[in-house]
Amino acid sequence: MSPAHKKLRFRKEKRERFAPVRFLRVVIVLGLVFALGFAALRLFEEWQRRVWISGSRLTVVVARPDPTIYSYSPATSTLTIIEIPKTTQVEASGGYGKWLAGSLWQLGGDEGKRLPAGRQGGDLLSTSLEKAFGLPVDGWIDERGEVLFEQRILSIPSVLGIVGQRTNLTVFDRLNIILATSGVGIADRRSIDLVTTGIVKKTQLSDGLEAYVPVPDKAKTVFEVLRDEAVFAEGKTLLVVNTTSKQGIGGDVARVAGALGVKVVGTQTA
């Protein structure tokens, strides 16, 4: 065999020997490209469905045993904290009747088993409290979400707090909450006690249990401090027209819109 033939044969054997290695490299590269593309798509979707609109007030309910509302105003850099006694009786949205506030999260989980875990619970909790107190609630999160609103220096534990919770807040929302509220000092963290302010009053239920019930007129007055300054500055007016067969829903919408900062000029039925 001539030297030229030997050289060609050697090259052929070399190509055959390294062909599986090349194929494996191509597969790995394509896999990495696919994984990065999928991750980028998921991040884009998270960005698109974020709840917090930049510059506006954000109000979130944390599903603690006593549901707690956190309302942050970027205009004043203040955080308002409202703890709702778990024995507060409210009308559950969705036609479920009257329930205690501390039971709404679990009620939603029981009734919404076909939905993602906790999703219905969060929706039911936030919309029921919104209706009961006339207070706009943008987001909801399970009880672990309390870590997002703590006063602290940004750390690994707080960063880990942006993942794993059941919530309608995106990863971007939760990260922004940490960055915005971690620097709010004690003087700018204000609590509203529903009992002492008269927003809820004590009553006795038909089964003998002592509970609280909301006082809508009082809530409307006290919660004026939680209006969204960005919305209020626009000076918009609103006429609410109730086209449903349910009585009183127009007034409920008007209360929420008024608390948000919109001037409601009237309600009608059509």
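The values are calculated or read from the model by the stated rules, or taken from the named source; none is laboratory data. Every value quoted in this text rests on a predicted model; they were computed, and no experiment measured them. Positions of Cβ are backbone-derived with ideal geometry, glycine not excepted, and every protein chain shown enters the neighbour counts. Each accessible area value is taken on the protein alone, full model and side chains, heavy atoms only, with ligands, DNA and RNA left out. Shrake-Rupley method; radii C 1.70, N 1.55, O 1.52, S 1.80 Å.
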task: Report whether or not residue 207 is among the acidic types (Asp, Glu), more than 28 Å from residue 75 (Cβ to Cβ), open to solvent by 60 Å² or more (accessible area, probe 1.4 Å) and free of Cβ contacts under 8 Å to residues at least 12 places away in the same chain.
output: yes
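Of all residues in region 154-184, which are among the basic types (Lys, Arg) and either at pLDDT 90 or above or loosely packed, with under 15 Cβ neighbours inside 10 Å (or both)? Show your work before the answer.
Within region 154-184, the first condition is being among the basic types (Lys, Arg), and the residues that meet it are 166, 174.
Matches in region 154-184: 174 only.
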- prompt: Can you name the number of the only condition in (1) modelled with pLDDT under 90; (2) surrounded by fewer than 23 Cβ atoms within 10 Å (Cβ to Cβ) that residue 121 fails?
  reply: (2)
- request: Please identify the pairs in which a residue from region 233-249 that is more than 30 Å from residue 74 (Cβ to Cβ) has its Cβ atom under 9 Å from the Cβ atom of a residue that is in a loop (DSSP other than H, G, I, E, B), counting only partners at least 6 apart or on another chain.
  value: 241/270; 242/248; 242/270; 243/270
task: Taking residue 187 as meeting all but one of (1) within 22 Å of residue 129 (Cβ to Cβ); (2) small (Gly, Ala, Ser); (3) surrounded by fewer than 12 Cβ atoms within 10 Å (Cβ to Cβ); (4) modelled with pLDDT of 90 or more, write down the number of the exception.
output: (1)
Filter result for residue 147 (open to solvent by 40 Å² or more (accessible area, probe 1.4 Å), modelled with pLDDT under 90 and among the β-branched types (Val, Ile, Thr)): no
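Applying the selection to region 226-245, what residues are under 22 Å from residue 127 (Cβ atoms), at pLDDT 80 or above and surrounded by fewer than 18 Cβ atoms within 10 Å (Cβ to Cβ)? Before the answer, list the steps.
Step one: filter region 226-245 for residues under 22 Å from residue 127 (Cβ atoms), giving 226-228, 231, 238, 240-245.
Next, from what is left, pick out any that are at pLDDT 80 or above: 226, 238, 240-245.
Listed by number, the residues that qualify are 238, 241, 243, 244, 245.
Examine region 51-69 for a residue that is modelled with pLDDT under 85, over 30 Å from residue 107 (Cβ atoms) and under 16 Å from the mean Cα position of the chain (by Cα), and state whether such a residue exists. Lay out the reasoning, then the answer.
The initial filter retains those residues of region 51-69 that are modelled with pLDDT under 85, namely 54.
Narrowing the set further to residues that are over 30 Å from residue 107 (Cβ atoms) leaves 54.
Applying the additional criterion that residues be under 16 Å from the mean Cα position of the chain (by Cα) yields 54.
Yes: region 51-69 contains one or more residues that are modelled with pLDDT under 85, over 30 Å from residue 107 (Cβ atoms) and under 16 Å from the mean Cα position of the chain (by Cα).
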